[in-house]
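The values are calculated or read from the model by the stated rules, or taken from the named source; none is laboratory data. Keep in mind that what you see is a predicted model, and the values were worked out from it rather than measured. For neighbour counting, all protein chains shown are included, and Cβ atoms are generated from backbone atoms with ideal geometry for every residue, glycine included.
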Amino acid sequence: MFFPYPTSTVRIGVLKLALFDCLILFECKRTYSKLSSASCSMVSTANMVDSLAISSLIPCGVRKENRLNFEFKFRVIMLCGLSGAVCEVPVVNIKSGHVYEKRLIEEYLKTHGNLCPLSETLLAPEDLIPLKLSTVATGAAPPSKVTASIPSLLSSLQTEYDAHALEMFELKQHLQTTRRELSHALYQYDAACRVISRLNRDIEALKQSASSSNGTSDDPWVHVTAAVASRAKELAHYRKKERHVEELVKTPASLQVTTSQTFHQADKPGILTVDIKGERVVTGGNDRHAKIFNTSTGKIEHTLAGHAKKVQKVLFHPTADIVITGSADKSIKLWTAPIYEVAHTLTGHVGAVTGLAVHPTGSYLGSSSDDSSWALHDLGTGSLLQNVRAPEAKALLDFQFHPDGAIFATADSTVRIWDVATTKNVATFEGHTGTVNSIWFSENGYHLVSGGSDGLVKFWDLRKLKSVLELNVHAPVHAVHLEVGGTVLGVATDKVALYQESGKKNWDIVQTFENHKGQVTDVKLAHQLAFVVSTSLDRSLKVYA
């Protein structure tokens, strides 16, 4: 810094104190008129504030005999944090250190609440401390009304100025907020444009890929739906032809218990499920095992051990020599002959497996779970094709394919009909007041039977989508099963009951078996009613022939 020559007043330094938002101007007046131009070496601002030593502010290069009569004067300028003008009556916020004009900050607190306009912290009037200065501040603020010759006019102008200062402060804040929002919106717009551009490129790439593949697709579900549609069309055409209903080998009334087996472990008693194929029977129990039993020889052929929890569903594959088991350990296992080792372990559910059914194509398996989902699996590869959640978060208790294979049903407290191709719920049957524990389609494909914990067995017409018959068995129904001909119905409650169709919309109970000592868990009717099997929590399998 250089001193201009000659002058009477020299501005040596400017100090801005962040704590008080003020400017301190140091002025030096000299009385010696013949001061040559020389550079000024300033001490640090901290030294100025701490010592204010006059000798440290004397320009360097001035001879000792010329260092005369330097008079220093401090002029402190306090700037208001609201208006930016020089404060007439400055006050400081003791919490944040900001300086305001007293009347402006008091007016702001009255209209905006007790918040500091700059730091946005709580500010009470008692937190404002007046600053006592010995010097007179000058600035751009209007002249004080004390010195005005027209007090009323000046008072009005002062009030307008205060309002204008407050408004300008709010406008500045709003402007900053708007700028931030605009910047954020521009970034979002730019990002959205980039995403749209990328998606358009992906769509074009997919279109080109589809056109180059000549309409073929690698999506396995496309092949599944094509196979399902073809098989459904074939079976529907066959069903429309008049078929000869095979006569029953035995009448329900002539059946009696011929075999009673208790071959599951006694420490975890209870057989939960059964299925029939020819003369063989497969059962699943609480002991985590499945057993294959031959009714003609009366012997156990195989024991299938591999599940970690109870086996809740068993199933013979209708055409292949495969046994399928579903367990509370959330897995499904495929056991293949001749030694029935595990070929695949199917996963996809996060809850216990409650229902199993093989699709009429023989290539796919449907399953339900108490995790509120159903799934479709590829039996050839063991892969999961679909896993869909039901509309309501209720445990699904059974799963059955329609004889055509184009639709299937699941059971919770209602019966839901689903389309295989779209995986959508296309119809819902409501009428049970409890859980629906078992469902079965008639072989002609026109009806579905459901049994519930409310003690009701309902016949649903799939063409009219309504219940056409209701049987009250006066006990919770655990399983229902229709003989292939569709004229005999087996119902498992605390006993086994056989119903036979005696006319249109009329079924009569024709046989009752009360041989089990525990709850009957499942019942199956062999083709042409050659025999009937039932299982129970008493650990027994009973054959009626």
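Of note:
- One residue stands out among those in segment 149-180 that are surrounded by 10 or more Cβ atoms within 10 Å (Cβ to Cβ) and either among the acidic types (D, E) or not in a helix (DSSP H, G or I) (or both): the one that is farthest from the chain's Cα centre (by Cα), which is I150.
- Residue within segment 234-248 that is of a type in the set (V, I, T) and within 24 Å of V532 (Cα to Cα) present: yes
- Applying the criterion of at least 1 residues that are among the polar types (S, T, N, Q) to the strands (runs of 3 or more DSSP E) found wholly in segment 360-462 leaves 364-369, 373-378, 384-389, 398-401, 407-411, 425-429, 436-441, 447-452.
- Some residue of segment 84-103 being modelled with pLDDT under 90, loosely packed, with under 10 Cβ neighbours inside 10 Å and not in a helix (DSSP H, G or I): no
- Selected residue (criterion: nearest to D378 (Cα to Cα)) from residues of segment 292-309 that are of a type outside the set (A, V, I, L, M) and in contact (Cβ under 8 Å) with a residue 40 or more places away in the chain: K309
- Segment 276-314, residues that are crowded, with 23+ Cβ neighbours inside 10 Å and either in a strand (DSSP E or B) or modelled with pLDDT under 95 (or both): V281, V282, T283, G284, G285, A290, K291, V311, Q312, K313, V314
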